[in-house]
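The values are calculated or read from the model by the stated rules, or taken from the named source; none is laboratory data. Everything numeric in this text was worked out from a predicted model, so none of it was measured. Every residue, glycine among them, receives a Cβ derived from its backbone with ideal geometry; neighbour counts consider all protein chains shown. Just the protein is used for accessible areas: all its heavy atoms, side chains included, with ligands, DNA and RNA removed. Shrake-Rupley method; radii C 1.70, N 1.55, O 1.52, S 1.80 Å.
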Amino acid sequence: MPLHLKNAPTKTFADTAQLDVAERVRGIIGDVRTDGDAAVRRYAEQFDGSSRDSYRLSDEQVDEIMATLDPQVIADIEFVQAQVRRFAQAQRDSLVDIEVETLPGVLLGQKHVPVQAAGAYIPGGKYPLTASAHMTIITAKVAGVPRVVACTPPIRGEIPAATIAAMKLAGADEIYLLGGVQAVAAMAVGTETIRPVNLIAGPGNAYVAEAKRQLFGEVGIDLFAGPTEILIVADEHADPFFTAVDLLSQAEHGPESPAVLVTTSQTLGEQVMDWIERLLP
């Protein structure tokens, strides 16, 4: 019989999830399409509790936000982004333009042409997901996209300073303190103050994912991302600290993201649980 050191909650996200996600998303997109900025503001106030003169942050505002961060946070972001940028550049360098003459006067080839504008959605309604800024903005800029629009919501009414710093340092051309379906719709269809983009990338909750699904075709998207999940199989030789970090790094995506450890060592399991409690705060 398997021994359960810690059980999952009896109710899962799927048990309590809203069944009318698609219909609600369709209504919000329609309102943004019809009412533009007024609809964006209405939904930002309703869902984010955010009412601002402008949801786009100026360069001066971004600098002020970044100034509140510990210099070590900035250094950490810069270090991570240097690694992402280096590999993204290696990927771009591997995409070679070619042209061949297969018959006299018959020229065939391939060119890699970046889109003119990309939207990066950086989730964070409950918790900051700073890494999403590295993965969506840096890759677009390395690809040569001239205009990258980045959106992230406030977290419980507060500006996510580290996420804003990551967006700026990654090279975002426009930064909006805006989340949810209203952000995705604004980037896709455009408003009076937000010019539409050609492609939207980045993860999000069920509503964001549904918005991308409904808008696909009118705008390009990266993929349909489901809830994150992780299963680790480990024996007594595994490092309990790294095991705990791997579990937490995926569980932080949201309450619907299951994280499971299967181990042949009760000692390891108990050590991992101890590390999780220590690291979780």
Query raised in the report: Can you give the direction-averaged projected area of the convex hull of the alpha-carbon atoms in region 60-159, in nm²?
Result: 8.4 nm²
Query - Cut-off 13 Å between beta-carbons: net charge of the residues surrounding Ala131, Lys and Arg +1, Asp and Glu -1 - result: -2
Requested in this report: Could you check how much of the accessible area of the chain is carbon and sulfur, as a whole percent, using a 1.4 Å probe?
Outcome: 56 percent
Requested in this report: Please identify every one of the GluC sites (Glu not before Pro) in region 114-202 that sits in a loop by DSSP and has no more than 14 other beta carbons within 10 Å of its own beta carbon.
Outcome: Glu192
Requested in this report: Quick one: dipole size for region 73-202, taken about the Cα centre, charges +1 on Lys/Arg Cβ and -1 on Asp/Glu Cβ, in debye to the nearest 20.
Outcome: 280 debye
Query - DSSP beta bridges in the chain [antiparallel fraction, %, rounded to 5] - result: 25 percent
**Report entry** Neighbour net charge for Ile175 - beta-carbon separation under 11 angstrom, K R +1, D E -1
**Finding:** -1
Query raised in the report: What is the Cα radius of gyration of region 230-279 over 2.2 N^0.38 Å, N being its residue count?
Result: 1.05
Requested in this report: Roll a 1.4 Å probe over the protein chains and send me the accessible area per residue for the chain in Å².
Outcome: 57 Å²
Report summary line: Between the Cα axis of helix 161-170 and the main Cα principal axis of the chain, the angle (0 to 90°, nearest 10) is 50 degrees
